[in-house]
Amino acid sequence: MKRLTLLLLMLMAPGLAAQEPPKKKKPEAKKQQVAHKKPTPQQIRKFKELEKKQKRS
């Protein structure tokens, strides 16, 4: 009986040692960004000012 147990342990040991621990799951990818938000009136004003400056020079 002891020999059988020893034989089983010898056969199982490499398999048990080769098992990798469970890998950590990667966090899910962020959802795709939605199209850009509508510009605020202040942003529109700034853009228009910059356009005028570029046209002058």
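Values in this text are rule-based calculations from the coordinates and carry no lab data. What you see is a predicted model, and the numbers here were worked out from it, not measured in a lab. Here Cβ is always computed from backbone atoms with ideal geometry, including for glycine, and neighbour counts include all displayed protein chains.
Miscellaneous remarks
- The modelled label-to-label distance for the pair Arg45/Gln32, using points 7 Å beyond Cα in the direction of Cβ, is 3.6 nm.
- Computed lengthening from Met10 to Lys23, 0.36 nm per intervening residue step minus Cα-Cα distance: 2.0 nm
- Taking each residue as 0.36 nm, the span from Met1 to Lys53 lengthens on full extension beyond its C-alpha to C-alpha distance by 9.3 nm.
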